[in-house]
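Visitor: The structure that follows is given in the form of structure tokens.
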Amino acid sequence: MNEPLIKLHDVSKRFVKGKETITIFEHLNLEIPRGDFVAIMGPSGSGKTTLLNLIGGIDRATSGEITFDGNRVDKLTEGQLANWRSSNVGFIFQFYNLMPMLNAAKNVELPLLLTNLSATERKRRVETALSVVQLPDRARHSPSELSGGQQQRVAIARAIVSDPLMLLCDEPTGDLDRNTADEILKMFQLLNRELEKTIVMVTHDPEAAKYARRTLHLDKGHFTEKVTTI
Amino acid sequence: MSELFLVYKNLFRKKLRAFLLSLAIFVAFLIFGTLVGFNQALDLKPRDGEAERMVTMNKVNFTQFIPYSYYNRIKAMDGVKQAFHQTWFGSYYREPKNFVLGFAVNPEEFIAASSGRYGITEEQATAWLADRTGVMVGQDLADEFGWKLGDVVPISSNIYTRSDGSQSWPMKIALITAPTKAVPTMKALFINYEYLNESRTSLKDQISQVIFTTNSPDLDDLVAKKIDDSFANSSVQTRTTTATAFNKSFIAQLGNVTLIITAVVGAAFVSILLVIGNTMIMAIRERTREIAVMKTIGFSAQRIFRMILMETVMLSFVGGILGMGIGIYLLMFVSRLGFIPLPMDNIWIVALQGVGLMVALGLITGFIPAYNAMRLNIVTGLGRD
């Protein structure tokens, strides 16, 4: 592992709700090296998902600096952030969030619409991504024809198809049974080890966290760390 | 997959809803195509280089008559280049249900004034001039009743009575006009005025209209005023207008045609606007989470805005093209029946207006949902079911 890919410096996040200001965390510092696989755990309301959203550039910090590969992400405009996300970040959600009117292959192809790749190249990449998640034979199936585990694999294929440096996973196994969850988590390990994807995973599940290289516990705005050897 | 494909898939994700919305738009554009096309046809001006015909008729309305002597005075007026008169015959073939658009004219003057307008051979023209019972009919009318040159057919009038008490005139098919570019379809007949006038028991020496051209289009208004002024103190006063205005006044008996058409089309579109706008707002709201996911993946707010506008414009085109196409086809069908002169030369203007309206309808109905989607906060959107 090398220099930090993601660096949060003195980051605070507060919400204003009516007359009340709710502080999620204050002066948070975090470094995630390139090629790391980090699990973030913590009680409900500790700000795990908010942290993930800040790292992924879909939410903005109240104060502090967020850098990605040495560049300030928190300074980007909305349009620049959208471009940055499409090139650098793959998102995986708990409830898959596939487009119901598109089949698996078209769902995977979705991020590639934002590139200048030819149709042939897009098709090749979609096939590769579906092969990585071991679903090449389900390319023409719609999400409703797939099991939860298969849908999550399609979502993973969608997240990796544009070859981003970082994958952000929000409770990716929260809706799956144990065996399927293990399969998905092994896939994350594979992506981390073989394709050197930096993965940040929010989870409630201690079993899931065991698949990460290290686990960060977020509580009351501070981290405690546990290193897992994998 | 292209962005257009994605828009298409979004539009037809709920097929029944898309079908019903398309149907609503179809009806609106059917009304638009038919009514606005109809109005456009009535407003048709002469082609470039073609003199506008003027019409002098009874000031009361075109169903009233003017004395034949007016024709001779108009013909002799300064500025009048060529003139002929026509008289409404109220004709039908055998039974009143077989209504036929028919006029009594002076064949010689009519042919001279209409040269090039109708497909007339010299041989047939000579035959018509030689026989007072001769009648000129359009090819479409001849085809409808199976008439051939030389056939003698009974043509009745619902206005005039002959001295023997009958209302039927035996007439010989002397001339069948071929379709021309100016008159592609013709379902009218023209009989000899002298033949009518000498045999009718009432309204002798009365005519319906005088149709003429002037030496220059610049003189039209001047000549029209001069004619109407010269008969201003007579027992029968006249009104002189362009043929376009005359055609429109023919229909205007029903009321202010343009106003009625504008009101009907306007009401249809306002209703459609509200229905589609409301449905699209709900449809996009149902997709809040998906839009948030697309934004998360990297689709920019502007791109989302554009895609939703494309979706509503596409919806507008699906129903609109079909509705307007059928509307214009219906209009052409009515025009072919020949009861109302509806030249279709400028129907492409209606088609262009329709396309413009489709784009406008799509943009207006899509704006609010597109704007809402553009402004959607990703975190809020992901949190919504």
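Any read-out appearing in this document is the output of simple, stated calculations on the displayed coordinates, not a laboratory observation. Not measured: the values here are computed from a predicted model. Every residue, glycine as well, gets a Cβ built from its backbone with ideal geometry; the counts of neighbours run over all protein chains shown.
Visitor: Could you give each residue of the range B:200-213 its phi-based ³J(HN,Hα) in whole Hz, using Karplus coefficients 6.51, -1.76, 1.60 with θ = phi - 60°, and x for Gly or Pro?
Guide: 7, 8, 9, 6, 5, 6, 10, 10, 8, 9, 10, 10, 8, 10
Visitor: Would you calculate the convex hull of the Cα atoms in the range A:158-230 and tell me its volume per residue in Å³?
Guide: Hull volume normalised by residue count: 101 Å³.
Visitor: Kirkwood hydrodynamic radius (Cα pairs, Å) of the range A:4-227?
Guide: Radius from the Kirkwood sum: 18.0 Å.
Visitor: Further, regarding this structure: May I have the extent of the alpha carbons of the range B:65-235 along their three principal axes, as whole Å values ordered from largest to smallest?
Guide: Answer, in whole Å and largest first: 46, 39, 28 Å.
Visitor: With viscosity set to 1.002 mPa s and temperature to 20 °C, compute the Stokes-Einstein D of the range B:158-285, Rh being the Kirkwood radius across alpha carbon pairs; µm²/s, no decimals.
Guide: Result for D is 104 µm²/s.
Visitor: Sticking with the crude label model, points 7 Å out along Cα→Cβ, report the distance from residue A:144 to residue B:182 in nm, one decimal please.
Guide: 6.3
Visitor: Apply the Karplus parameterisation 6.51 cos²θ - 1.76 cosθ + 1.60, with θ equal to phi minus 60°, to every residue of the range B:167-173 and state each ³J(HN,Hα) to the nearest whole Hz, in sequence, with x for glycine and proline.
Guide: Ordered by residue, 3J(HN,Hα) equals 10, 10, 10, x, 9, 9, 6 Hz.
Visitor: Using only Cα atoms, locate the centre of the range A:151-178 and the centre of the range B:168-187, then give the distance between them in Å, rounded to an integer.
Guide: 77
Visitor: With 15 Å as the cut-off, how large is the P(r) tail for the range B:273-319, expressed as percent of Cα-Cα pairs?
Guide: Looking at the range B:273-319, the distances longer than 15 Å represent 49 percent of pairs.
Visitor: Can you work out D for chain B in µm² s⁻¹ from Stokes-Einstein, where Rh is the Kirkwood radius over C-alpha pairs, the temperature is 10 °C and the viscosity is 1.306 mPa s?
Guide: After rounding, the answer is 65 µm²/s.
Visitor: Ignoring everything except DSSP H segments at least 4 long, calculate the 222 nm mean residue ellipticity for the protein assembly as shown; use -39,500 (n - 2.57) per segment, divide by total residues, nearest 500.
Guide: Numbers: 21 runs with 279 residues, N = 615.
The per-residue figure over the protein assembly as shown is -14500 deg cm²/dmol.
Visitor: Going by amide H atoms built from the backbone, whose H comes under 5 Å of the H on residue A:219, apart from near neighbours?
Guide: Under 5 Å from the amide H of residue A:219 lie the amide H atoms of A:224, each far enough along the sequence or on another chain.
Visitor: Report, by chain and number, residues whose modeled amide H sits under 5 Å from the one on residue A:214, excluding near sequence neighbours (fewer than 5 apart, same chain).
Guide: Result for residue A:214 returns A:37, A:39, A:228.
Visitor: Enumerate the calculated ³J(HN,Hα) couplings along the range A:210-224 in order (Karplus 6.51 cos²θ - 1.76 cosθ + 1.60, θ = phi - 60°), each rounded to whole Hz, writing x wherever the residue is Gly or Pro.
Guide: 5, 6, 7, 6, 8, 10, 10, 9, 9, 8, 6, x, 10, 9, 10
Visitor: When the Cα centres of the range B:121-162 and the range B:305-323 are compared, how far apart do they sit, in Å?
Guide: 52
Visitor: Based on the Kirkwood radius over alpha-carbon pairs, what is the Stokes-Einstein translational diffusion coefficient of the range A:59-150 at 4 °C with 1.567 mPa s viscosity, in µm²/s?
Guide: Working: Rh = 15.3 Å.
It diffuses with D of about 85 µm²/s by this estimate.
Visitor: With everything on Cα atoms, drop me the angle between helix B:257-286 and the longest principal axis of chain B, reported from 0 to 90° to the nearest 10.
Guide: Result, in degrees: 10.
Visitor: OK, next. Which number comes out as Rg/Rh for the range A:59-105 once both Rg and the Kirkwood Rh are worked out on C-alpha atoms?
Guide: A ratio of 1.09.
Visitor: Given the alpha-carbon gyration tensor of the protein assembly as shown, what are the semi-axes of its equivalent ellipsoid in whole angstrom, ordered largest first, with each equal to the square root of 5 times an eigenvalue?
Guide: 83, 24, 18
Visitor: Could you work out the pair-distance distribution P(r) of the range B:55-159 from its alpha-carbon pairs, with 5 angstrom bin width and percents rounded to whole numbers?
Guide: Over the range B:55-159, the share of Cα pairs per 5 Å bin runs 2, 9, 18, 21, 20, 15, 9, 4, 1 percent.
Visitor: Moving on to the next point. Of all the C-alpha pairs in the range A:1-62, what % are more than 14 Å from each other? Walk me through the numbers on the way to the answer.
Guide: Details: 1161 of 1891 pairs.
Pairs farther apart than 14 Å: 61 percent.
Visitor: What residue among B:276, B:347, B:304 shows peak mean-square fluctuation when chain B is described by a Gaussian network model with Cα springs under 10 Å?
Guide: Taking springs between Cα atoms under 10 Å, the residue moving most is B:304.
Visitor: Give me, ordered by chain and number, the residues 5 or more places off residue B:151 or on other chains with an amide H under 5 Å from its own placed amide H.
Guide: Hits under the 5 Å cutoff: B:173.
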